[in-house]
Structure formats: structure tokens, C-alpha cells
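Engineer: Pasting a structure below so you can have a look.
The values are calculated or read from the model by the stated rules, or taken from the named source; none is laboratory data. This one's a predicted model, so the numbers in the text were calculated from it and none came from an experiment. In this analysis, Cβ positions are derived from the backbone assuming ideal geometry, glycine residues included, and neighbour counts consider all displayed protein chains. Accessible surface areas use protein heavy atoms only, side chains included; no ligands, DNA or RNA. Shrake-Rupley method; radii C 1.70, N 1.55, O 1.52, S 1.80 Å.
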Amino acid sequence: MGGTERKKKLPVGIEDFAKLRTEGFYYIDKTGMIRDLLNAWGEVNLFTRPRRFGKSLNMSMLKSFFEIGCDRTLFNGLDISGETELCEKYMGKFPVISISLKNVDGLDYAQARAALCSVIGNEALRFQFLLQDDKLTEKEKSQYQQLTAVDTGSTESFLMPDSVLMGSLKTLSALLQKHYGKKVIILIDEYDVPLAKANERGYYAQMVNLIRNLFNQALKTNESLYFAVLTGCLRVAKESIFTGLNNPNILSITTVRFDEYFGFTDEEVKGMLEYYHLMEHYGTIREWYDGYRFGNVDVYCPWDVISYCYELMDDPSALPRDYWSNTSGNDVVRHFIETVDNGLTRGEIEALAAGETVVKEIHEDLTYNRLYDSIDHLWSVLFTTGYLTQRGRPDGKKYQLAIPNREIRNIFTEQIMCLFKENVAQDGALLNAFCAALQSGDAPEVEKHLAAYLGKTVSIRDTFVQRPIKENFYHGILLGILGYKSGWYVKSNREAGDGYSDIYVIVEDENIGIIIEVKYAEQGRLSPVCEKALAQIEAGRYAEELKAEGCREIYKYGIACYKRKCKVICEKELLPETD
């Protein structure tokens, strides 16, 4: 780290702009978004981006800038501070209502509705001074008290009648406008989470009706609204919850305007790595976490870059891993892979996993209850949620789609493997036939059954990674099969003799040992690669460990794989019985 030089803290999980700026965290300046938002003017602005791309931090930034009583020093030295006229006119000049719907969830509609009441009730509590405002009538103060009424059974639960809840944001806007004499800015972060959760839990229609009425009153018929900003992952179809809303300004991942304000650009990542003396890891970070394209800008996932740099600060030898995928489920990828042979071809997944592109028509305006209705919808969902990205320029609604980077490619291969293992468990006859052939040294039968397994899954022919990583996929296939065989002791990459065998098996109670060396056959040259695998087993003396375990019948397998093809050869070694 360069002597005693004190560096700013990395903002892992920090979404509060004021905290980030006052407590010594590293900040990549995105305040130009404020200037562009004001210059591009839209009364209702919807930003859709994948999760973990800085949406919540940007919303906190907007609140910190516009809200009456803001700390102007938070923006010292940042891009927006150079816009003196805009700052003078807009900074700290508006009442701001700011809510996040990311925790509006519940096992049923009643629980989710109560969560929404609490979100709005807690925001309303920030403005308790309204109860002492002489400008407000007693009736208006009563309206405010309805927003902050606490259920007598809980100190945390705000319960409002539907008529109050649906009009709550509009009511609070009107009260704040009367108090300040200024129209109100409304910020709604993660606006679509309640719909996603409701769809998963089975109360989608009720939640759509609630959100539609809440938004229509707050965003359509609200004379106290100055402007509003919403963020979410999906652009929910207008007819779903934005019915009748006049021309919302949709700013999605395909929109050029604002394209650089969500995610880190290459220049910004290099600046961070130089600051923390981590430039030697630039190539790895780019391979794993770059590759997204929003509008005309290529960006990295901020959560990944910050998380990996945080680990590197403590352990310079730390390997990259999947940070983004661990923050949420990957059900959409599973649904996608499950549609193989039902509108999706294996070749399309294989092309994506190999770093190639496929051309598909994208529809960004979807409804959550129809996401998985067709393969066409799934392509669109994968694109809008960040599992796929665009390459080149679109042709109308047709986009060249690709997997963004190594991290997302891992998600696809892991889901492919999970589904493969489930299929293995369901086909006991094939499993027993394969294992019987393995323990008897019947290479042609092993090859036949392994080819049958490979024919049931998606092959990986990743042209962007080294051969050993390709071999890992087939290694995983074999482990996925053998792991279901009872009475077999299976180890992977166990130290054996003078080297490391790929897979090491002891058939318990039978003194039978099996060694498997798997190799990827570049350009499909299967036979010579098989011979090379066997030679490696001999040269590495891999059988020594099995002999030490008491195995007297040892089968050595060289296996070569290419796409869904394989070649298997076997050598048998018999040891004399000992007294």
C-alpha cells in the first residue's frame, strides 16, 4: 500500500451518499447525472438497470442535492459543483419524498401491503413538523396523522385503509407543498420489487392494483409534483401499472442518454486500481466483471469491482469470484436452460457460453406474470436483468446478444450442471450401466454411456478460456455422475504418487480402484488426446495411492471430450493377492 499512506475506504455496500461523502469512502463521481436530468427534463423519469449497478446510491445522491436543508459541502469538488447556475437554482430548494420498495415483500398480500404501509409511514414521520404548521388546517393535519398512525399491536406497523394508502404519496406531496410553498420531488427506488415478489408468491393481481393506484395518484394527477425519478430492474409494461401516465421518460439499458451514470467505465476502473495500487489485477478484473453495454458505453459491474478490490487489499493473491450472482437468485437462467428443445436450441446456449452472439428480438416492456410465458420473453428478461448484454448496434428491435463476462458465464455453466445432476439422479438405469462398465474396464460401454450423458446436456466450448478450464466442465460432468453411485468413494484432484489425478475412485468392499484423467480435445482430435491422458497417469504414478489403499484391481481411464463427443480408452492393472 505504499508506506503509511492513508487511503479512502472502499464503499462495499454503501448506498447512502451523505455517509459515503462524509466518512472517507472512495467515490466515483456520477453527479453529472443531476445536470443531465435537469437539462433533459421529464416529469416522470424511469431508470431501469440490472441489480447492483448503483441505482440506490444515485437516488440517495439526488435526495442529497435537491432536498431543503441539504449539506452543500457534500458536492464540493464534484462534477455538478462546476454548474454554478444550476446549483444556485436547484440545490437544496425542494421538499423530497424518497422511498425504496426493495423490502416490500410478504408471504401473502396482507404482509406485503403492511410492508408498503411501513415504508410510506416511516417516510412520512420525517415530516412531523407538519403537525405544528399553522398553514395546515386541522383536516389536513388529520390526513397527515392517517399516514403515520401506528397499529396498536406493534410499534413498527403502520396500517392504512386502501383509500389512504393509495393516495398517501399524493397527500404527503400536497401537505409539503403547502408548508414550503414549493412543489415536491418524488424518488421511488426499486419500484418493481413488490411486483416481482407478488408474482413469486401468488398475489400479483392484488399488488398490481395497489401499485397502479398509488402511482397514478402520485405521478399522474398530482398537482404538487415537480418531477419524479423511479428506478427498477425491469421496464414494466405501461398497461400494467402506468396506465394513463403521460409520456414517462423511459431511460433503459438501451438508452444513450445517462448511459455512463450506472456502472463503472473502463477509465473509472483504471483510476480506482491506480489509487489503490492494484493495476496488476486490471486484466483479471476486466475479464470477470466488464462487458456490459448500456447505450453506447461499456461498463463494469460496480459491486463486483469494489468487492474484489476489497479482498485484494487484504490478500493480493485473492482469486476473483462471483459476487453479483450471490446477491440474488438466478432462477431466470434456470428457466432459460430448461427451455432447451422447447424453443431454445443447445447450439444457442453453446454459442453464448463460447463468447459468441445470437440475434434476438428484444421487448423491454414486460409484465412479471408473463416473464416465463415464452422463450422470446426469456431472451428479453435475460437482457434487461444483466445476464446478457448487447454487442454492436441494434437493427430495430433485433439485438446481438452475448454473455457479458466470465462471472456471468459461470452462472450459466453452474445452472447447466445443476440441471444435469438432477437428470442423472432421475435415470438410475443409465447410472448403473455406466458405473458397471467403469468397474469392469469395458471402455466401449463407458464411451457409449458417457456419450449418452453428454447428449443430454449442453457442451461448453468456451473459446475465451484456456484448455484446463474447458476440461473442468467435463470433469464436473463425471463427478456429477459418480457422486450418485452408492458404495463408491470418489475424490477429485487428490494428490496421488508424483502428480494429481483428475478423479480417483475406490469401489468399496471389492478392492477395485479407478483413475480417470479427462482432457479436452482441441479440434476434435480424440484418440491421441486419450493416449496422452493415459501416459500422464503412468508418468505421474497415480495408481500408487490406490495400491496403498489396498486396491488389487485398478482401471486407468484416459477420456477425451470435444463438444458432445468423447473417446475412452482403458488399461487394467492386476496386483497379486498378499498374505
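Engineer: Can you tell me which residue in region 232-277 is modelled with the highest pLDDT, limited to those that are touching a Leu at 6+ places or on another chain (Cβ under 9 Å) and of a type in the set (A, V, I, L, M)?
Structural biologist: Met272
Engineer: Next up: Pull up region 170-184, narrow it to residues that are among the aliphatic types (A, V, I, L, M) and within 18 Å of Gly92 (Cβ to Cβ), then point me to the one that is farthest from the chain's Cα centre (by Cα).
Structural biologist: For region 170-184, the residue satisfying everything is Leu176.
Engineer: Which residues, taken from region 291-312, are out of contact with any helix residue (DSSP H, G or I) (no Cβ under 7 Å at 6 or more places or on another chain), assigned to a loop (DSSP other than H, G, I, E, B) and surrounded by 16 or more Cβ atoms within 10 Å (Cβ to Cβ)?
Structural biologist: Gly291, Gly295
Engineer: Would you mind finding the one in Glu268, Glu274 that is part of a helix (DSSP H, G or I), free of Cβ contacts under 8 Å to residues at least 24 places away in the same chain and more than 19 Å from the chain's Cα centre (by Cα)?
Structural biologist: Testing whether each residue is part of a helix (DSSP H, G or I), free of Cβ contacts under 8 Å to residues at least 24 places away in the same chain and more than 19 Å from the chain's Cα centre (by Cα) leaves just Glu274.
Engineer: Filter region 63-73 down to the residues that are hydrophobic (A, V, I, L, M, F, W, C) and surrounded by 21 or more Cβ atoms within 10 Å (Cβ to Cβ) and list them by number.
Structural biologist: Phe65, Phe66
Engineer: Does region 51-62 hold any residues that are assigned to a loop (DSSP other than H, G, I, E, B) and open to solvent by 10 Å² or more (accessible area, probe 1.4 Å), and which are they?
Structural biologist: Passing the criteria: Arg51, Arg52, Gly54.
Engineer: Could I ask something else about it? Can you give me the number of residues within region 6-38 that are part of a loop (DSSP other than H, G, I, E, B) and small (Gly, Ala, Ser)?
Structural biologist: Of the residues in region 6-38, 2 are part of a loop (DSSP other than H, G, I, E, B) and small (Gly, Ala, Ser).
Engineer: Here is a further query. Within region 432-441, track down each residue that is crowded, with 16+ Cβ neighbours inside 10 Å and over 16 Å from Ile515 (Cβ atoms).
Structural biologist: Selection gives Ala433, Phe434.
Engineer: Let me ask something else about it. Where residues in region 188-218 are among the charged types (D, E, K, R) and open to solvent by 20 Å² or more (accessible area, probe 1.4 Å), which of them is nearest to Pro50 (Cα to Cα)?
Structural biologist: Checking each candidate, the answer is Glu190.
Engineer: Looking only at residues in region 313-347 that are modelled with pLDDT of 90 or more and more than 24 Å from Phe262 (Cβ to Cβ), which one is surrounded by the most Cβ atoms within 10 Å (Cβ to Cβ)?
Structural biologist: My answer is Met313.
Engineer: On to the next question. For Lys567, are the conditions met, namely being touching a Cys at 6+ places or on another chain (Cβ under 7 Å), open to solvent by 10 Å² or more (accessible area, probe 1.4 Å), part of a strand (DSSP E or B) and of a type outside the set (Val, Ile, Thr)?
Structural biologist: Answer is yes for this residue.
Engineer: Could you tell me whether any residue of region 538-552 is open to solvent by 10 Å² or more (accessible area, probe 1.4 Å), within 40 Å of the chain's Cα centre (by Cα) and more than 18 Å from Gly441 (Cβ to Cβ)?
Structural biologist: No: region 538-552 contains no residue that is open to solvent by 10 Å² or more (accessible area, probe 1.4 Å), within 40 Å of the chain's Cα centre (by Cα) and more than 18 Å from Gly441 (Cβ to Cβ).
Engineer: Give the residue that is farthest from the chain's Cα centre (by Cα), with candidates limited to residues of region 553-564 that are open to solvent by less than 20 Å² (accessible area, probe 1.4 Å) and over 14 Å from Gly441 (Cβ atoms).
Structural biologist: Looking at residues that are open to solvent by less than 20 Å² (accessible area, probe 1.4 Å) and over 14 Å from Gly441 (Cβ atoms), I get Ala560.
Engineer: Still on this structure, I have one more. Just one of (1) touching a residue at least 12 places away in the same chain (Cβ under 8 Å); (2) open to solvent by 10 Å² or more (accessible area, probe 1.4 Å); (3) over 25 Å from the mean Cα position of the chain (by Cα) trips up Thr284, so point out which.
Structural biologist: The one condition Thr284 does not meet is (3).
Engineer: Consider only pairs whose beta carbons are under 6 Å apart and that are at least six residues apart or on different chains; among these, list those whose first residue lies in region 94-112 and is over 13 Å from Ile188 (Cα atoms) and basic (Lys, Arg) and whose second residue is part of a helix (DSSP H, G or I) and open to solvent by less than 10 Å² (accessible area, probe 1.4 Å).
Structural biologist: Short answer, once both residue conditions are applied: none.
Engineer: Continuing with the same structure: When you go through Ala452, Ala425 one by one, which is the residue that is part of a helix (DSSP H, G or I), open to solvent by 50 Å² or more (accessible area, probe 1.4 Å) and closer than 26 Å to Gly513 by Cα?
Structural biologist: Ala425
Engineer: Go through the residues of region 230-237 one by one and say whether even a single one is farther than 20 Å from Ala402 by Cβ, crowded, with 22+ Cβ neighbours inside 10 Å and either charged (D, E, K, R) or in contact with a Pro (Cβ under 6 Å, 6 or more places away or on another chain) (or both).
Structural biologist: Taking every residue of region 230-237 in turn, at least one turns out to be farther than 20 Å from Ala402 by Cβ, crowded, with 22+ Cβ neighbours inside 10 Å and either charged (D, E, K, R) or in contact with a Pro (Cβ under 6 Å, 6 or more places away or on another chain) (or both).
Engineer: Could you say which residue among Leu382, Leu366, Leu352, Leu371 is without any contact (Cβ under 8 Å) to a residue 60 or more places away in the chain and either surrounded by 17 or more Cβ atoms within 10 Å (Cβ to Cβ) or more than 18 Å from Asp331 (Cβ to Cβ) (or both)?
Structural biologist: Every option except Leu382 fails the conditions.
Engineer: Report, by residue number, each residue of region 392-419 that is in a strand (DSSP E or B) and either surrounded by 15 or more Cβ atoms within 10 Å (Cβ to Cβ) or of a type in the set (Gly, Ala, Ser) (or both).
Structural biologist: Within region 392-419, Gly392, Tyr399, Gln400, Leu401, Ala402 meet the criteria.
Engineer: Oh, and also: Take the conditions within 30 Å of Tyr90 (Cα to Cα), touching a Phe, Trp or Tyr at 6+ places or on another chain (Cβ under 8 Å) and open to solvent by less than 20 Å² (accessible area, probe 1.4 Å) and apply them to Leu225. Does it pass?
Structural biologist: no
Engineer: Among the residues of region 37-50, is there at least one that is buried (at least 18 other Cβ atoms within 10 Å of the Cβ), out of contact with any Cys (no Cβ under 9 Å at 6 or more places or on another chain) and among the basic types (Lys, Arg)?
Structural biologist: No, because not a single residue in region 37-50 is buried (at least 18 other Cβ atoms within 10 Å of the Cβ), out of contact with any Cys (no Cβ under 9 Å at 6 or more places or on another chain) and among the basic types (Lys, Arg).
Engineer: On the basis of being closer than 25 Å to Val256 by Cα, open to solvent by 20 Å² or more (accessible area, probe 1.4 Å) and among the acidic types (Asp, Glu), does Glu23 make the cut?
Structural biologist: No, not satisfied.
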